[in-house]
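Enquirer: Handing you this structure, nothing more for now.
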Amino acid sequence: MVKIFSFPAIRPAAKDAGEIACVPYDVISREEAMEWIDKHPDSFMRVIRSDAVLPDLPAESEEVYAKAKKNLEHMIKNRLLVRDDKPGIYLYRVKQGGSIYTGFVANVSVDDYIEDKIKKHELTRYDKEIDRTTHIDVTNTNTGLVVLLYRDPGDVFHYIESLIPEEQPDSIVKMDSGIVHEVFRISDDAKIKNIIRMFEGVDSLYIADGHHRAKSSVNVALKRRENGTSTEESERFMAVIFAENRVKIHGYSRLVTDLGEYTPESFMKALGGKFEIKKYGEIDDTVFRIPPLKESGIPRHVFHMYIKGEWYEISCPVENPEDTIGSLDVSVLQKKVMEDMLGINDPRGDPRLQYLGGARPLSDLEMRVNSGEFAVAFSMQPVKVETVLKTADEGNIMPPKSTWFEPKLLSGLTLHTLD
């Protein structure tokens, strides 16, 4: 079974939550983070993206991480963030459009990650892993949430949902987009014990979002074991846990800076030797996903490409549907296009390849290509949650950034310190 633990979170007062909470560090650029801080001077963005308050320094410089620690200490000293007086578990509910997502925040075990009871489906990118490892170590805090999924062995989800009280949440944040985030603290010992007991029937947890945050937390724990500074809390990290059938997946877009030896015309010609290509025509550039032109009873890889001001549908038959990884659209794109054509062999580290979360409108892709910053963009279809869990159970790894899970949780509503 997996282990979960209550902990005394550091949290904003209810009246301050809306100004403090912010989007996660990895869904926003440095420039966007600077704009966020200008608009919300007390924002937790000052901690998770301290590079935005030191724009003249490299993001990975020691001064940037020291600034994150100093900013966090300032928020605690001035009681913008306050530690709870006893351990709790924190229900987290997101209202988004017509959907409601309900999970809970608790600590999980570093050893469960090492022993693969917390299963992964993606490798981390080197630069981001180093960044978050340093950030967690220097601040001595889990400042962001790892999103984990579980297969419900019975009525775990319904019990969690039943714990939400009728009164106002401890924290409520209403985003400009209309999305509402709510946190409810559960401090009753009997209820906490019930949640822990119910998870005795859960064999595995699955990382949906936050592979870098999880691996970085483990890196810090191992480092502290080696230097003899481990604590009970450094052997755990913070996560928000959802039932696997209570989340949603979008595709994860790719952007490439240049076409290597190809011109746009020769690239299209070479691509036509590998795939069927159809001009897509007009699209709604405010949506996140381009639907395929025609559904087929035969399994096909389908993705969409934006180049020289036009959208195209790229497709080919699935060669082996039983091959969980090989049958993914992102696997085919990586092998046949990124590697064979463009020479991008390391999707974790090649600077020519960048990613854009699937819940960003298609106009974002168009804008970045039209500006000349990128030569081509690829919009991907979402994979199924069952595919993600099956991949992890088989011990396989998807290409980086194969999934964009919703809900996306805010940072700054719960923090876990390692001492």
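The values are calculated or read from the model by the stated rules, or taken from the named source; none is laboratory data. On a predicted model such as this, the values are computed, not experimentally measured, just so you know. In this analysis, Cβ positions are derived from the backbone assuming ideal geometry, glycine residues included, and neighbour counts consider all displayed protein chains. Surface accessibility is based on the protein's heavy atoms, side chains included, excluding ligands, DNA and RNA. Shrake-Rupley method; radii C 1.70, N 1.55, O 1.52, S 1.80 Å.
Enquirer: List the number of the failed condition for F267; all other conditions in (1) open to solvent by less than 80 Å² (accessible area, probe 1.4 Å); (2) touching a residue at least 24 places away in the same chain (Cβ under 8 Å); (3) touching a helix residue (DSSP H, G or I) at 6+ places or on another chain (Cβ under 9 Å) hold.
Expert: It fails just one condition, (3).
Enquirer: Just to check your reading of the model, which residue among L222, L255 is over 21 Å from V94 (Cβ atoms), out of contact with any Phe, Trp or Tyr (no Cβ under 9 Å at 6 or more places or on another chain) and of a type in the set (A, V, I, L, M, F, W, C)?
Expert: Numbers: L255 fails: out of contact with any Phe, Trp or Tyr (no Cβ under 9 Å at 6 or more places or on another chain).
Unique residue meeting the criteria: L222.
Enquirer: Just the residues that are exposed (fewer than 14 other Cβ atoms within 10 Å of the Cβ) and outside any loop (DSSP other than H, G, I, E, B), please, taken from region 317-333.
Expert: Matches in region 317-333: P317 only.
Enquirer: Let me ask another. Taking the options E310, E276, E233, E265, name whichever one is under 30 Å from F104 (Cα atoms), at pLDDT 95 or above and of a type outside the set (A, V, I, L, M).
Expert: Working: E310 fails: under 30 Å from F104 (Cα atoms); E276 fails: under 30 Å from F104 (Cα atoms); E265 fails: under 30 Å from F104 (Cα atoms).
The unique qualifying residue is E233.
Enquirer: I'd like to know if region 84-94 contains one or more residues that are modelled with pLDDT under 95, within 19 Å of T139 (Cα to Cα) and open to solvent by less than 40 Å² (accessible area, probe 1.4 Å). Give the steps one after another, and end with the answer.
Expert: If we filter region 84-94 for residues that are modelled with pLDDT under 95, which is where we start, we get none.
Checked region 84-94: no residue is modelled with pLDDT under 95, within 19 Å of T139 (Cα to Cα) and open to solvent by less than 40 Å² (accessible area, probe 1.4 Å).
Enquirer: How many of the residues making up region 361-371 are open to solvent by less than 60 Å² (accessible area, probe 1.4 Å) and out of contact with any Leu (no Cβ under 9 Å at 6 or more places or on another chain)?
Expert: 4
Enquirer: Any residue at all in region 168-176 that is open to solvent by less than 30 Å² (accessible area, probe 1.4 Å), among the small types (G, A, S) and assigned to a strand (DSSP E or B)? Give the derivation first.
Expert: Of all residues in region 168-176, those open to solvent by less than 30 Å² (accessible area, probe 1.4 Å) come to 169, 171, 173.
Applying the additional criterion that residues be among the small types (G, A, S) yields 171.
Now restrict to residues that are assigned to a strand (DSSP E or B): 171.
Within region 168-176, one or more residues are open to solvent by less than 30 Å² (accessible area, probe 1.4 Å), among the small types (G, A, S) and assigned to a strand (DSSP E or B).
Enquirer: OK, next. Scan region 140-152 for residues that are open to solvent by 10 Å² or more (accessible area, probe 1.4 Å) and over 17 Å from the mean Cα position of the chain (by Cα) and jot them down.
Expert: Selection gives N140, R151, D152.
Enquirer: Give the residue that is nearest to R360 (Cα to Cα), with candidates limited to residues of region 10-69 that are of a type in the set (G, A, S) and touching a His at 6+ places or on another chain (Cβ under 9 Å).
Expert: The initial filter retains those residues of region 10-69 that are of a type in the set (G, A, S), namely 13-14, 17-18, 21, 29, 33, 43, 50, 52, 59, 61, 66, 68.
Add one more test, that the residue is touching a His at 6+ places or on another chain (Cβ under 9 Å), and what stays is 17-18, 21, 50, 68.
Details: A17: 25, G18: 22, A21: 20, S50: 24, A68: 27 Å.
It comes out as A21.
Enquirer: Please list, ordered by first then second residue, the pairs with beta carbon atoms under 7 Å, 6 or more apart or interchain, first in region 151-166 and part of a loop (DSSP other than H, G, I, E, B), second among the charged types (D, E, K, R).
Expert: Within 7 Å, the pairs are R151/E244; L163/K191; I164/R93.
Enquirer: Also, quick follow-up: Just a yes or no: is a residue in region 113-133 at pLDDT 95 or above, within 19 Å of S171 (Cα to Cα) and among the aromatic types (F, W, Y)?
Expert: Checked region 113-133: no residue is at pLDDT 95 or above, within 19 Å of S171 (Cα to Cα) and among the aromatic types (F, W, Y).
Table: residues versus (1) in contact (Cβ under 8 Å) with a residue 12 or more places away in the chain; (2) not in a strand (DSSP E or B).
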| site | (1), (2) |
| --- | --- |
| G281 | yes, yes |
| K335 | no, yes |
| P347 | yes, yes |
| Y355 | yes, no |
| A359 | yes, yes |
| A377 | yes, no |
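Enquirer: Scan region 372-410 for residues that are touching a Ser or Thr at 6+ places or on another chain (Cβ under 8 Å), small (G, A, S) and open to solvent by 10 Å² or more (accessible area, probe 1.4 Å) and jot them down.
Expert: Of everything in region 372-410, just one residue is touching a Ser or Thr at 6+ places or on another chain (Cβ under 8 Å), small (G, A, S) and open to solvent by 10 Å² or more (accessible area, probe 1.4 Å), namely A375.
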